[in-house]
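Since every read-out is calculated from the coordinates, none of them should be taken as a lab result. It should be emphasised that the depicted structure is a prediction, and the values quoted were computed from it without experimental measurement. Using ideal geometry, Cβ is built from the backbone for each residue, glycine included, and neighbour counts are taken over all protein chains shown.
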Amino acid sequence: MIEAWQFLMRNPEVVAGWTLEHLWIVLVACGFAVILGVPLGIYISGRGREHIADPVLYLAEIMMTVPSLALFGLVMAILASLGLRAIGFTPAIIALIIYAQLPILRNTYTAIRQVDPAMIEAGKGMGMNERQLLFKVKLPLSVPVIMAGVRNAVVMTIAIAAIAAIIGAGGLGKAIWWGLRGARMDLILVGGIGVSILGLLADAFMSRVERWVTPKGLRM
Amino acid sequence: MIRLEEVTKVFPDGTEAIREATFEVEQGEVCVLLGPSGCGKTTTMRVINRLIPITSGKIYIDGVDNSSIDEDELRRNIGYAIQDIGLFPHMTVRQNIETVPVLKGWPKAEREKRVEELLELMRMDPGEFMNRYPSELSGGQRQRVGVARSLGADPQILLMDEPFGAIDPITRIELQDEFLKIQRKIKKTIIFVTHDIYEAIKMGDRIALMNEGRLVQYDTPANLLYRPKNEFVEKFVGTDRALKGLQLIRVKELMCGSPPTVKTDEPAEAARECMEREGINQMVVICKAGKFLGWVEWTDLEKGEMVGEIMKPSSDFATIDAVLNEALSIMLSTRRNSLAIVNEDNGLAGVLSFDAIQEALGEMAQRGEIE
């Protein structure tokens, strides 16, 4: 412990750099995951699309069960076979996006499917078309559940991003990885504790965001 | 005007929800769809704004076949009110009420005016309620907002699915009275679904009694009660139809509109003279502005100088729009054989006596309306 503290005191700017790098990876991955997952979740929740929804959700679930180490390897292999750079930031981001899909996709899908049928009937009965129904009724009512999924994804991605250092993505995982190879306990602790603190802070922050984006009438 | 011609609805699973229903609702009338659960009344309401497509038959709205009108356009021109859960929880009272005006693209100023108008019509202060969320309202207030929302774009036709369903009986009677008052002003053509025969008799100009998808009898409330078409109607109406008939009579038809009254600042002696002259043993006490305050009784006349000292304050009264059995039940609970009747702003409108009720029932019995 003391060594870890000493390391932090001696190299604050190095640790800060790793932390920022880590956050950047998480931000980019989750940003893309939301941009991808929410619209996809909305799409598969549409009427008459049950036959698409099931396999899509199933696939996302399978992806979740693949060990993260194996998934990084898989993404590397695929990128390499396509003749692309298989090491560093990009493959790590791709793997993390795939991971973050399930909580976002599943929560979006369930949230929209679970909107009270009376709400939908009221909207329809007053003459809303499908698009108006989605944007004026279904989506606003789904925000709390969708955001819970995003929060889940962010916290999870912070943890998994630590492993991404293996394929050269950087971040706090780099400290853990170096520490493990060089039997440097201080580095392992700096990385490990750093990731944990980051996770806790992100969780607290996201719960504020969740509350903030929830329509006022639903906050009671 | 709404006209259904041999409308049949068969659901994909084979259930016949409506079987060849034919009836017409006149402009400005309230048509109540009544029947046991699963009789097809709600389905019948929903085919009118095409929330449910029909299998065969025709539905005309002001002479136009409703299948020839764009679905969304049709619905925006027909008010729709469902039980209070139908309010959008994420929208304020104002946003809820202006839903259809927004869909129709009304300018903002006009929408705001309309929201205020409607809240005032529902006797809710716009300043206080406009920006509240449904979760900040009482059950009765939510129902009011629901009705206001259905009137949003001033449609000529209203569909109401048990709009006063999920509330306590007292608030319910209040809302029914208020709604009847409003309907007299706005004269909409209304389809009103309920399973409560008392509500049907009170609210309906005509009642469509349904059973197993068939329209059994389409008639005025009085005819449904006293000239049932068949055994089912008779059973549904029940053996206590004399009591239900009280629902047909409004308090204002029977009350004495100019009863003797005294004010609090008059001497007790004035009350005694008046009671002797009229041969009564109690009198209504009102304030200067004519509001009902209570009663002064013959036996209390000795107890003080002024009416104000000897009166018995009371807050038991009925409104002029109440129906007879509501008034009767209040009267029975006060153990007094007269009931004060007040108008909208609590001013005394008259007094209803037990004798008047008995007399009216006697007349009805003679006409053969009750046995």
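Observations, loosely collected:
- Angle in degrees between helix B:324-334 and the longest Cα principal axis of chain B, rounded to the nearest 10: 40 degrees
- For chain B, a Gaussian network of Cα nodes joined below 10 Å ranks B:ILE48, B:ILE190, B:ILE330 by mean-square fluctuation, and the top entry is B:ILE330.
- 10 Å Cβ shell holding at most 12 others, DSSP loop, trypsin sites (Lys or Arg not before Pro): longest site-free stretch of chain B: B:1-122
- Residue by residue along B:224-236, Cβ atoms of other protein chains within 10 Å of the local Cβ number 0 on average.
- Membrane-span-like helices of chain A, defined as complete DSSP H segments with a Cα extent of 24 Å or more along the helix axis and a mean Kyte hydropathy of at least 1.6, are identified as A:12-44, A:139-161.
- 9 Å beta-carbon shell around B:ALA268, net charge (K/R +1, D/E -1): -4
- Note: relative contact order over chain A, using C-alpha pairs below 8 Å and six or more positions apart, is 29 percent.
- Ranking B:GLY290, B:VAL93, B:ALA109 by Cα position along the charge dipole of chain B, where only Lys, Arg, Asp and Glu carry charges on their C-beta atoms, puts B:ALA109 farthest toward the positive end.
- Over every Cα atom in the protein assembly as shown, the radius of gyration and the widest Cα-Cα span, Dmax, amount to 34.7, 115 Å.
- Fluctuation leader among A:GLY127, A:GLY199, A:GLY46 - chain A, Gaussian network, Cα springs under 10 angstrom: A:GLY127
- Working value for region B:2-248: equivalent-ellipsoid semi-axes of 30, 23, 15 Å, each the square root of 5 times a Cα gyration tensor eigenvalue, largest first.
- Comparing A:VAL195, A:ASN107, B:ALA271 along the charge dipole axis of the protein assembly as shown, the residue lying farthest to the positive side is A:VAL195, per the Cβ-charge model.
- Candidates B:ASP205, B:ASP265, B:ASP62, ranked by Gaussian network fluctuation over chain B, Cα under 10 Å, top entry: B:ASP265
- Over all other residues within a Cβ to Cβ distance under 15 Å of B:GLY279, the charged ones net out to -3, with Lys and Arg as +1 and Asp and Glu as -1.
- Against the main long axis of the alpha-carbon atoms of chain B, helix B:139-150 sits at an angle near 50°.
- Computed from Cα atoms, the angle from the helix B:169-186 axis to the main principal axis of chain B rounds to 70 degrees.
- For the peptide A:115-124, the mean number of other protein chain Cβ atoms found within 10 angstrom of a residue's Cβ is 5.
- Relative to one another, the C-alpha centroids of region B:1-61 and region A:66-91 are positioned 61 Å apart.
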